[in-house]
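Written out below as structure tokens is the structure these notes cover.
The values are calculated or read from the model by the stated rules, or taken from the named source; none is laboratory data. What you are looking at is a predicted structure, and each value in this text was computed from that prediction instead of being measured. Glycine also receives a Cβ, built like all others from the backbone with ideal geometry; neighbour counts cover every protein chain displayed. Heavy atoms of the whole protein, side chains included, go into the accessibility calculation; ligands, DNA and RNA do not. Shrake-Rupley method; radii C 1.70, N 1.55, O 1.52, S 1.80 Å.
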Amino acid sequence: MKELICSTIERNVVLKCIRDHKRLDLRTIDETRSINIEFHAHPGYVSVTLGQTHVIAQASCRITKPKESRASEGHIRIHLDMSKIPLINLENWKHQEFVQELNGILEQNIRHSNCLDLESLCINSGELVWSIKIDLIVLNNCGNILDCANIATLCSLYHFRLPEVSVHGSEIRVYSSTERRARPLRILHFPINVLFAFFIDGHYTLIDPNSDEERLMDGFFSISMNQHKEICGIHMGGKLGLKKEQVELCKKLAFKKVLELTDRIRQVVTDYYKTIEPITHAQPSIIRIDNDEDEDDDSSSSSESEDPVLIKPEIPPSPIENNVSLLLMPDLDNLSLTDDVSTMIATNVDKLTSDLENDDEHDNE
Amino acid sequence: MSTPMDTSSLPIKNKSNQLTSTLTTDYIVGSDLISIEGYRQDGRKPNELRHFRVSFNVVPDADGSCYMEHGNCKLLATIYGPYEGESRSNQEQAIITCDFSMTSYCVSERRLRTFGDMKSQRLQMAIQRVFQQAIITETYPKSQIDIYLKILQSDGNDYSPCVNATTLAFINAGIPMKDFVCSSTVGYIQNKCIIDLNQQEEQQKSPQLTLTIMPQRDDIVALTCESRVHHDIYNEMLDAATRANLQLFDLMKQAVINQLKTVLHVL
């Protein structure tokens, strides 16, 4: 991202810190900033802050006609909106390119990895399907919009509730949330994005760059993985020439982050719904259609039992123990890389093994 | 090991919809792609590249040009430059711009929008980025180099043939580069890695990977993986892609040497 204007002094200071494997905000090389996720009453609205970077997401739905070639699949669209203010240093046409690039990566992440079961969005095959749109707005850019927006998208999808629909022949009836409880979307897995920034001809790498580091990076490498150790997407940007071993290392680091974040996202959303559930759904609704009475009870009880079973992966997830043993691969110590990256590994191996021991204990409990 | 591939090929069979016309051209059932004897639909083995033919100097006005046929994908890459850049251009390095367009007859259905759409813009940005990295831009400060790409016939993935053709056009133009830039795609169908996908194979919902490397320096310049693939399979695919790129590199090097031989022979 060398097009951005950066003073020589800033550049020298930041690069010198990186060469010493330090960061200006006192994080370690593989530490992300603190993530704060907030919801509000409207389903699908989430506000995520990654350090100082702030992104809000809102999911909305619409009933449309499906594509002819995919007659029983709904649609999902992601739209990232960024005003020029967060990118005040970039020139005009670059802003467009930057936004388009991010938008492309986010969409590919969600669409191509099949994280949302599009068939469950079908109402009437060939005629009517739900079309989900996620609007993302960047309120503050302090580096790494991609990760923040990705987390916001996933939280928003997980938080969103789709109105109940009943089909009578060729007519459909959409129930409001007071008549029938809206049901959650069927999310099969969470593809979480982790961004790595590379500096000084690709010798040094950092996770989650803040705005200073992002201005000075040679290029970025973003991996999107889910907790089943599947790679959902890889994108490289900037002027970057990587070796295979660096890619391997990034994958390993990313996987650790992914596990933490997946648990976090699930926890946050289920906690939120636990707190609001008693308030909104204590009283049965007054307006009820007689012949739907039984169905109403069934639908409310089924949606209650649905909540803990929201994640139904297509592939049976391999148990965490197997994943941990994969991470303990012996070649981690014997990677032949440049000196600097190997010292980075040396500092991280201790951290990794200690983390893995903690994971082991936690899983065995 | 239950691979992700199995579950994605099964739904294709179950999704047959009686309400709409079955557009089977959209995706063919995965089991047909590699026959029992191990040959693909177009008669190649899984680790075989498509037919590769190159000719240089096709556009005499340009500083460098290359016409390339990679299987059914025919394209033209021309380089203009380096020439004096605009006043706000970079003082230390050359700027590389890329312009990508397709002809309206390049695919089976006539295309009305041949440039400026999302795919073209993304490809432009990607190629510009790759070559900003690969060209030794410090030798031409304050100047600009233009890449023009024109697809005459398209067979699925355009990005890889474009990168290869641009490399050869740069060599034809005599602009110094750090190394060749080779690109190829790899897919994973029926538990086998197949390289150099054509359109039919690409339209499958199987894992795919596009790898762009500088073969002699062993540097990965661009890596795009847009489908969900398990970690172990990904490693296999990466290896297969590297081998494919090395094969391509040999072919490209041979083409350049042949070109030099003919030129020197004429002199």
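Summed over the residues of segment B:52-266 and divided among them, the accessible surface reaches 42 Å² per residue at a probe radius of 1.4 Å. Other residues whose C-beta falls under 9 angstrom from the C-beta of A:GLY143 contribute a net charge of -2, scoring Lys and Arg +1 and Asp and Glu -1.
With charges only on Cβ, +1 for K and R and -1 for D and E, what is the dipole size of segment B:192-267 about its Cα centre, in debye, rounded to 20? Mind showing how you got there, number by number?
Values: 7 positive and 10 negative charges, 49 e Å.
The calculation lands at about 240 debye.
R0 = 25 Å: FRET efficiency of A:GLU68 with B:GLU48, Cβ-based, nearest 0.05? It would help to have the intermediate numbers written out before the result.
On the way: r = 35 Å, r/R0 = 1.40.
E between A:GLU68 and B:GLU48, to the nearest 0.05, is 0.10.
How long is the gain from B:TYR83 to B:MET177 if the chain were fully straight, where each residue apart is worth 0.36 nm and the alpha carbon distance is subtracted? Each step should come with its number before you reach the end.
Numbers: separation 94, 0.36 × 94 = 33.84 nm, distance 1.69 nm.
So the chain would gain 32.1 nm between B:TYR83 and B:MET177.
For the interface of A with B, what's the total buried accessible surface in square angstrom, probe 1.4 angstrom, rounded to the nearest hundred? Its buried surface, counting both partners, is about 3800 Å². Taking other residues whose beta carbon is less than 14 angstrom from the beta carbon of B:HIS70, and scoring Lys, Arg as +1 and Asp, Glu as -1, yields -3.
Here's the picture: a label point sits 7 Å out from the Cα of B:ASN72 along the beta-carbon direction, and within segment B:145-183 the residues with their amide nitrogen under 15 Å of it are B:152-158.
Let me confirm one metric for peptide A:100-112, namely the mean number of other chain beta-carbon atoms within 10 Å of its residues' beta-carbons.
Going residue by residue through A:100-112 and averaging, the value is 3.
By a 1.4 Å probe calculation restricted to protein chains, B:HIS230 has an accessible surface near 40 Å², given to the nearest 10.
For peptide A:238-246, what's the mean number of Cβ atoms from other chains within 10 Å of each residue's Cβ?
On the way: counts 3, 7, 8, 13, 7, 4, 9, 0, 2.
Mean inter-chain Cβ contacts per residue within 10 Å come to 6.
The loop-placed trypsin sites (Lys or Arg not before Pro) in segment B:200-267, going by DSSP, that have at most 15 neighbouring Cβ atoms within 10 Å of their Cβ come out as B:ARG217.
In the elastic network of chain B, a GNM with C-alpha springs shorter than 10 Å, the most mobile of B:ASN47, B:ASN235, B:ASN157 is B:ASN235. Taking the C-alpha atoms only, the angle from helix B:231-266 to the longest principal axis of chain B is near 40 degrees. Extending 7 Å from Cα along the Cβ direction at A:SER170 and again at A:SER60 yields two label points whose distance is 3.0 nm.
Mean partner shielding of peptide B:246-258, defined as the number of other chain Cβ atoms within 10 Å of each residue Cβ, is 0.
Can you give the longest run of chain B that contains no chymotrypsin sites (Phe, Trp or Tyr not before Pro) sitting in a DSSP loop with at most 16 other Cβ atoms inside 10 Å? Let's see the in-between values first.
Values: sites that count: B:TYR27, B:TYR39, B:TYR105, B:PHE115.
Longest site-free region, per DSSP loop and neighbour criteria: B:116-267.
Of all stretches in chain B that contain no GluC sites (Glu not before Pro) in a DSSP loop with at most 11 other Cβ atoms within 10 Å, the longest one is B:110-267. As a calculated quantity, the FRET efficiency between B:ARG217 and A:ASN36 at R0 = 51 Å, using C-beta atoms, amounts to about 0.75.
Roll a 1.4 angstrom probe over the protein heavy atoms and tell me the percent of accessible area of chain B that is carbon or sulfur. Walk me through the numbers on the way to the answer.
Values: 6390 of 12480 Å².
Of all accessible area on chain B, carbon and sulfur atoms account for 51 percent.
For B:GLU109 and B:LYS205, what is the calculated FRET efficiency with R₀ set at 22 Å and r taken between the beta-carbons, to the nearest 0.05?
Numbers: r = 21 Å, r/R0 = 0.97.
Once the sixth-power term is evaluated, E becomes 0.55.
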